[in-house]
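Please read the structure below before turning to the comments.
The values are calculated or read from the model by the stated rules, or taken from the named source; none is laboratory data. All values reported here derive from a predicted model rather than from experimental measurement. Here the Cβ positions follow ideal geometry from the backbone for every residue, glycine too, while neighbour counts run over all protein chains shown. Quick note on the areas: whole protein, heavy atoms, side chains included, nothing else; ligands and nucleic acids left out. Shrake-Rupley method; radii C 1.70, N 1.55, O 1.52, S 1.80 Å.
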Amino acid sequence: AMKDLDRYEHFLWNVANDCNNNGKPELSALIFEQYLPRKEKDKIYSKEIAINFHLNIANSFKDGNNFPKAINHYLVVLENIPDSEGALLGLGTCYFLMGKKDIAKPYLESYTEKYDAKDPRTLSSLAICYMEEKDFENAIDFFEQAAELDNGKEEGFQAIMYGGIGTIYSKNLNDYPNAFKYYRKSMELKPGEQVLGEINLHVLNMSFKPQGHDLATKFWKDYPQNKNAVLAPPSLTKEEIEKLPYHHLNLKKLSE
């Protein structure tokens, strides 16, 4: 159909939209990506419409996790509209998800300076970028903003943010009173098992420090651990376990 755009234009348009509406954003973007240059070449679209097309294609590639393709189109938008909200956020998000936090940071900074963030994960991503650079003051600030913007909408999100702040205070700044404060805030929000495990690990580390021992003891008093959990019995009997070739009783029998 792409070989005869004039004949199949309506068909291609419908297919691209159907793909986008049915969970195939990258396929939709691939169609529109071939479709757009022909329209631009024939000067059928105005510059404004063409730029908007690039932004929509970039968003579809991003949603389909094709970040390099998305970045190419976001950059076209940014070249024409330096303060584009969608392009700044899109570029920051793509580079962050690609693990290139040093590149993501200036885009996310520019976005948050010019616009009100709508997604708390944008702010938490920027906080992580600051953590990478050991700028803990800004990291804490943006984790706080992310928790405030979420306001309990996503279950467990605020607990993760406050737990992260507590860890910065305990691990990086050795500020145990503030660590205790934010770990308490996280616990009050009933964190998931993973966050709870991380908090307990850092509180245990606090307990070995003279300045953190009393606070750790108080933490465990206020939030006692479940000591009644019973481990499931092994699936093998004691005798069967002892017969295993890698059991310590049998190791001396094995060749080197």
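Please report, in whole Å³, the volume per residue of the convex hull around the C-alpha atoms of region 45-137.
Value for region 45-137: 89 Å³ per residue.
Once the Cα gyration tensor of region 74-210 is found, what semi-axes does its equivalent ellipsoid get, as square roots of 5 times the eigenvalues, in whole Å, sorted largest first?
Gyration-tensor ellipsoid for region 74-210: 31, 15, 11 Å.
Round to the nearest 10 and give me the degree value, 0 to 90, for the angle of helix 5-21's Cα axis relative to the longest principal axis of the chain.
So the inclination is approximately 20 degrees.
Expressed as a whole percentage, what fraction of the accessible surface of region 61-135 belongs to carbon and sulfur atoms when a 1.4 Å probe is rolled over the protein heavy atoms?
Using a 1.4 Å probe with all protein chains present, region 61-135 comes out at 48 percent carbon and sulfur.
If one computes the Cα centroid of region 68-144 and of region 194-223, what distance in Å separates the two points?
First find each Cα centre; the distance between them is then 33 Å.
Out of 35, 176, 130, any idea which swings most in a Gaussian network model of the chain, alpha carbons joined below 10 Å?
Of 35, 176, 130, the most mobile in the Gaussian network model is 35.
What do you get for the angle between helix 85-97 and the principal long axis of the chain? Use alpha-carbon atoms, 0 to 90 degrees, nearest ten.
40 degrees
By a straight-distance test (C-alpha under 19 Å), which aspartates and glutamates pair with residue 190 as possible cross-link partners, with residues fewer than eight away in the same chain excluded?
Straight-distance partners of residue 190: 144, 148, 150, 154, 155, 198, 222.
In square angstrom, rounded to the nearest 10, how much accessible surface does residue 165 have for a 1.4 Å probe?
For residue 165, solvent-accessible area is about 0 Å².
Give the accessible surface of the chain per residue, rounded to a whole number of Å², with probe radius 1.4 Å and ligands, DNA and RNA excluded.
63 Å²
Between (i) 28, 25, 18; (ii) 24, 24, 21; (iii) 49, 29, 16, which entry matches semi-axes √(5λ) of the Cα gyration tensor in Å as derived from the coordinates of this structure?
It is the value labelled (iii).
At a probe size of 1.4 Å, how large is the accessible area of residue 118, to the nearest 10 Å²?
Roll a 1.4 Å probe over it and residue 118 shows about 150 Å².
Can you tell me the orientation of helix 120-132 relative to the chain, as the angle in degrees between its alpha-carbon axis and the longest Cα principal axis, to the nearest 10?
For 120-132 against the chain, the angle is about 70 degrees.
Past the 22 Å Cα-Cα mark, which pairs from 100/153; 185/221; 69/105; 101/153; 3/47?
100/153; 101/153; 3/47
Using alpha-carbon pairs under 8 Å, 6+ residues apart, how would you state the relative contact order of the chain in percent?
Across the chain, relative contact order equals 8 percent.
To check my understanding: the extent here is largest minus smallest coordinate of the Cα atoms along each principal axis. What are those three numbers for region 137-209, in Å, largest first?
36, 27, 15
Could you compute the net charge surrounding residue 64? Neighbours are other residues with a C-beta less than 13 Å from the C-beta of residue 64; K and R count +1, D and E count -1.
That sum, taken over residues with Cβ under 13 Å, equals 0.
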